[in-house]
1. Identify which of A61, A166, A228 has the largest mean-square fluctuation in a Gaussian network model of the chain, with springs joining Cα atoms closer than 10 Å.
2. For the range 96-247, state what percent of all Cα-Cα pairs lands in each successive 10 Å bin, counting from 0 Å until the bin that includes the largest distance.
3. Using θ = phi - 60° and the Karplus curve 6.51 cos²θ - 1.76 cosθ + 1.60, what whole-Hz ³J(HN,Hα) does each residue of the range 31-39 get, with Gly and Pro shown as x?
4. Take the Cα of I142, step 7 Å along the line toward its Cβ, and report every residue of the range 77-117 whose backbone nitrogen sits under 20 Å from that point.
5. Give me the dipole magnitude in Debye, nearest 20, for the range 2-182 about the Cα centre, with unit charges on the beta carbon: positive for Lys and Arg, negative for Asp and Glu.
6. Picking from P106, I290, F276, whose Cα lies most toward the positive end of the charge dipole for the chain (charges on Cβ: Lys, Arg +1; Asp, Glu -1)?
7. Ratio of alpha-carbon Rg to the 2.2 N^0.38 Å globular estimate for the range 2-182, to two decimals, please.
8. Please grab the % of Cα pairs in the range 187-293 that end up more than 22 Å from each other.
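What follows is calculated from the coordinates using simple rules that are stated; it is not laboratory data. Computed from a prediction, not measured in an experiment: that's the story for all the values here. In this analysis, Cβ positions are derived from the backbone assuming ideal geometry, glycine residues included, and neighbour counts consider all displayed protein chains.
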Amino acid sequence: MVSRGELVEIGGSFRIPDVMAKAGAVLREVGTTNRTRIADYERAIHEKTRVLLRVHRSNFAMVGFTEQPALADLVALGRKHKIPVVEDLGSGALFDLRSIGVGGEPGVADSLRAGVEIVTYSGDKLLGGPQAGILSGKKELIARIRQNPLFRALRVDKLTYAALEATLLAYIRNDSSAIPVLGMMHLSADAIRNRANELQKALASAATLKIEIIAGESVIGGGAAPQATLPTWLLALTSQKLSADALAARLRATEPLPIIGRVEEGRVLLDLRTVFPEQDAVIVRALVQIASAS
C-alpha cells in the first residue's frame, strides 16, 4: 500500500509500480497525487494487506496544496493492524543534514527511531560509500529477506563489502574527512573562497583567460534533497579565443584528469567544493596550457 504521491520514477526509468509488479506484489494506491491522509491508508487496509510503504520523493519536490501523514502516524497504524512499515529513503543519510543547514531530508536513524520496520537506501550518494543497496531494520524481518533465493543472486561482492565497511567505520570514528562527499558538504564557503583566490593569483599569467570569482550555490543532489543548496564561490572562466562550450570541451579533454564544469551565461563555472584541494594544481596547469595553446 503506497500513496499516489509517492509513485516515483528514479534514474534508469525504474518505477515503483514496475518494481512491485516484478516482485509479484499487488500495489494498492491510496490518497491523491498531492494529498494523502492517514485515513486513506486505514480505509484501504484489508486481510491481504502485507506492507505499508513510504517512498521518499526523489528527484523532485511537491509544494503548495499538499499533505502527507507523519511517519509516526503511519507506524502507529501499522502496529494497530500488525502490518510492517517499509520506507525507501533512496539516498539514505547516516548523518544529520541539519548540521550543514539542510532541513526536511529524512535520515536512516530518524526512520528507525520512528519505528519503521525496514528502511532501504543506497550505499553511495549521501552515505558516501560504494554503490550498493542496503536494508536496515528489525532483525527477524531482515532474516526472512535473507532466506529469499534471490538474496544470493543479488548480494554484493567482497570488494564492495570491504569498501562499505571502511565507510561505516569512518562514521563510527566521526572521521568525516575520510568520506569525500561528507568532507565536501562540510567545507565552508570561506575556505572555498580562499582557494579560489589562490587559483586566481596562480592563473595571472594566463593572459587569454578571464578569471572571476562569483558567489554561487552547490547543489547537494537530485535524488537527495533536490531543493537543498549550500553557499559557495565559483571560478567563472571566459576565453578571448574560445567559446564557453569550446573551453568546457577542452577542460573535459585534459590529462590525466578531465575537468568537468558547467556553462552558464557564456562562462564556464567551476565549483571548488567538488574538487579536492590537492587537485587545484591540476586545474591551474590545465588552464595555463589551454590559454597558451589557444
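1. Sorting by GNM fluctuation, first place goes to A61.
2. Per 10 Å bin, starting at zero, the Cα-Cα P(r) for the range 96-247 comes out as 9, 27, 28, 19, 11, 5, 1 percent.
3. x, 10, 4, 9, 9, 10, 10, 4, 5
4. Under 20 Å, as judged by backbone N against the label point of I142, lie 84-96, 107-117 of the range 77-117.
5. My answer is approximately 600 debye.
6. P106
7. Cα-based Rg divided by the globular estimate yields 1.07.
8. 27
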